[in-house]
1. Is it fair to say A:Val281 is outside any loop (DSSP other than H, G, I, E, B) and within 19 Å of A:Ser216 (Cα to Cα)?
2. For the stretch B:167-204, enumerate the residues that are crowded, with 20+ Cβ neighbours inside 10 Å and of a type in the set (A, V, I, L, M).
3. Being within 21 Å of the chain's Cα centre (by Cα), among the acidic types (Asp, Glu) and within 12 Å of chain A (Cβ to nearest Cβ) narrows it down to one of B:Glu135, B:Glu125, so name that one.
4. Given the condition buried (at least 22 other Cβ atoms within 10 Å of the Cβ), assigned to a helix (DSSP H, G or I) and of a type in the set (A, V, I, L, M, F, W, C), answer yes or no: does some residue in the stretch B:121-129 qualify?
5. What pairs come out if I take residues in the stretch B:291-315 that are in contact (Cβ under 8 Å) with a residue 60 or more places away in the chain and among the small types (Gly, Ala, Ser) and pair them with residues that are surrounded by 14 or more Cβ atoms within 10 Å (Cβ to Cβ) and assigned to a loop (DSSP other than H, G, I, E, B) whose C-beta lies under 7 Å away, six or more apart or interchain?
6. Can you spot a residue in the stretch B:133-150 that is modelled with pLDDT of 95 or more, within 24 Å of A:Asp104 (Cα to Cα) and in contact with a helix residue (DSSP H, G or I) (Cβ under 9 Å, 6 or more places away or on another chain)?
7. Give the stretch A:266-285 a look and list any residue that's more than 20 Å from A:Arg236 (Cα to Cα) and either outside the structural domain of A:Gly77 (by TED's automatic domain parsing) or in contact with a Ser or Thr (Cβ under 7 Å, 6 or more places away or on another chain) (or both), or say none.
8. Could you tell me which of the residues B:Ile61, B:Ile111, B:Ile141 is at the interface with chain A (Cβ under 9 Å from one of its Cβ atoms) and touching a residue at least 40 places away in the same chain (Cβ under 8 Å)?
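The values are calculated or read from the model by the stated rules, or taken from the named source; none is laboratory data. Note that the coordinates shown come from a computational prediction; the quantities given were computed from them, not determined experimentally. Note that each Cβ is placed from the backbone with ideal geometry, even for glycine, and that neighbours are counted across all protein chains shown.
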There are 2 protein chains.
Amino acid sequence: MPPSAFLRPNLPSVIAALAGGVGAAKFLAGLVRSEPPREITAIVNVADDQEFHGLYVCPDIDSVTYTLGGVNNTKLGWGRESETFRTIDELGRFGVANWFRLGDLDLATHIFRTDQLRKGRTLAEVTNHITRSFEIEATLIPATNDRITTVITAAAANGEPHDLAMQEWFVRDRCEPIVRAVHFEGADGASPAPGVLAALADAEIIVICPSNPVISIGPLLAIPGIKDLLADRRDRVVAISPIVAGAPVKGPADLLMRPLGIEVSCFGVAEQYREFCSTVVFDIVDQDQAERIEAVGVRCVSADTMMTSPDVAAKLAGIVVGAMR
Amino acid sequence: MPPSAFLRPNLPSVIAALAGGVGAAKFLAGLVRSEPPREITAIVNVADDQEFHGLYVCPDIDSVTYTLGGVNNTKLGWGRESETFRTIDELGRFGVANWFRLGDLDLATHIFRTDQLRKGRTLAEVTNHITRSFEIEATLIPATNDRITTVITAAAANGEPHDLAMQEWFVRDRCEPIVRAVHFEGADGASPAPGVLAALADAEIIVICPSNPVISIGPLLAIPGIKDLLADRRDRVVAISPIVAGAPVKGPADLLMRPLGIEVSCFGVAEQYREFCSTVVFDIVDQDQAERIEAVGVRCVSADTMMTSPDVAAKLAGIVVGAMR
């Protein structure tokens, strides 16, 4: 089906979501079951984007796209369902590093995106084309069309600190180097992509998805304009804690939060977001944190946040939206 | 195995071959069985090269590489054996033309080459890396590191002539538009790749492979310096006719030769090459053409040129080399 079949006038953003990768994708899959998809705008982290073999890969945008498109690989937890790895395996023949496992179906996305970017389209334009091709009715916007990059300064047990790209630390080095610092190269000079500030300004509800606060939500907040706008609309902002019972549901958030002085708990998340977020939804098992969180001025809502199925995610989304109406 | 394992001092070129795609690949597969591979330098046409989806594809270099590497698809007659087409099929989702069937294994070559070219390596350097990765001992050199492009001016039965890239005419339009003219864009200003003129100057024997005279050998001859050097060494130059019994063994040579006034016969090939080629090897079925060919000053050798197996090709190669020693 040609992408033009999905072109439509922009609808007002009723719900704007700040999104990282897998956790956000699961929540958004619930949200589109709970609320009209065309009223949802997801603003997606791009600071993990990296070129592999000259192809421009956007891990978070693709996680959200594949999940909302219903073609995500639930067994692997990343990439496309029914995936094969013929091309990436064959690239090993040429002696290049192929630890980042780009699947054959997934490669079509990266090849298309890279070609379109080289032809002068913006990342936002290409993302729109791709999401329409997966018949996604919600709107996905990359946080920025500019290049921003998460740089992790890390060190082995007794080693010298060195800078790593996110995927190098996370995938290649399996989160083993100890994190000393994180910064977002290019963020200072980046501008929000067209539609980002409007979606945040117009939204009835702004959701911070259950994503890594440091490297998924952090880069979004580092783009000038976004954090200030959230602070202005603090009473409309709700976050879902990605930390349950003192540990991340998935991913390495603890290995990033702890060294940066953020408590690995839903309280730590609330404290981190409190300037611009009025409400935190945490898991029912963390009820004992409610008092601490409210003491720093953040309202608490508890729910089942373990999104073991789209139905559970939809129920969670309903609670999140209900709490803000 | 790392490509460096194949690095070796350049040996003097004993046999230099001008090569197109499939016909040349078959002949060269015979030649490396008949003569020491390290003494063979193939100079390969690049005028069919084209970008697809931003990936730089070299059909002739890859045909020769895959055949000499023993990984060519003998059933399809092009591409890699045991090939799949997952990525190219998936690209169709985005509404882009995917008639040029790049396989998943084949894509690894194009992705690697494109990335290396963008990083500043020359096509000759990348070709050397790729052929070493396929453990090919013969040397393959692209005719030029510059961009030259075959442009076919063609027209439907009663249509206006229009310009087509080679693969558009050959693959997409299935050779249906009638050829009016052929030219090689960029050839005038192109330089032979490093090593091309030296290989031709030093070779004991220069073989013009059984390739399409118009669009495979033609572009090589259009690069300044090559044809003149061949003419200087005319007594060392031997061509194998790709035309047998008045028809091409494979491919569309007749549809290109006839409109350009070249007789579709081994005589037509000999006449086309006579200025710079002393000897033509034609198929035994064309014995009746010997007198005509010798009358235009070209020596004749007949052989079984139907390369139905590498053994037949090796025998043909032995006859070609033997005729020049």
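1. yes
2. Matches in the stretch B:167-204: B:Val179, B:Val182, B:Ala187, B:Ala190, B:Ala193, B:Val196, B:Ala199, B:Leu200, B:Ala203.
3. B:Glu135
4. Checked the stretch B:121-129: at least one residue is buried (at least 22 other Cβ atoms within 10 Å of the Cβ), assigned to a helix (DSSP H, G or I) and of a type in the set (A, V, I, L, M, F, W, C).
5. Once the first residue is in contact (Cβ under 8 Å) with a residue 60 or more places away in the chain and among the small types (Gly, Ala, Ser) and sits in the stretch B:291-315, its partners that are surrounded by 14 or more Cβ atoms within 10 Å (Cβ to Cβ) and assigned to a loop (DSSP other than H, G, I, E, B) give B:Ala313/B:Met307.
6. There is at least one residue in the stretch B:133-150 that is modelled with pLDDT of 95 or more, within 24 Å of A:Asp104 (Cα to Cα) and in contact with a helix residue (DSSP H, G or I) (Cβ under 9 Å, 6 or more places away or on another chain).
7. Scanning the stretch A:266-285 gives A:Asp283, A:Ile284.
8. One residue alone meets the criteria, B:Ile111.
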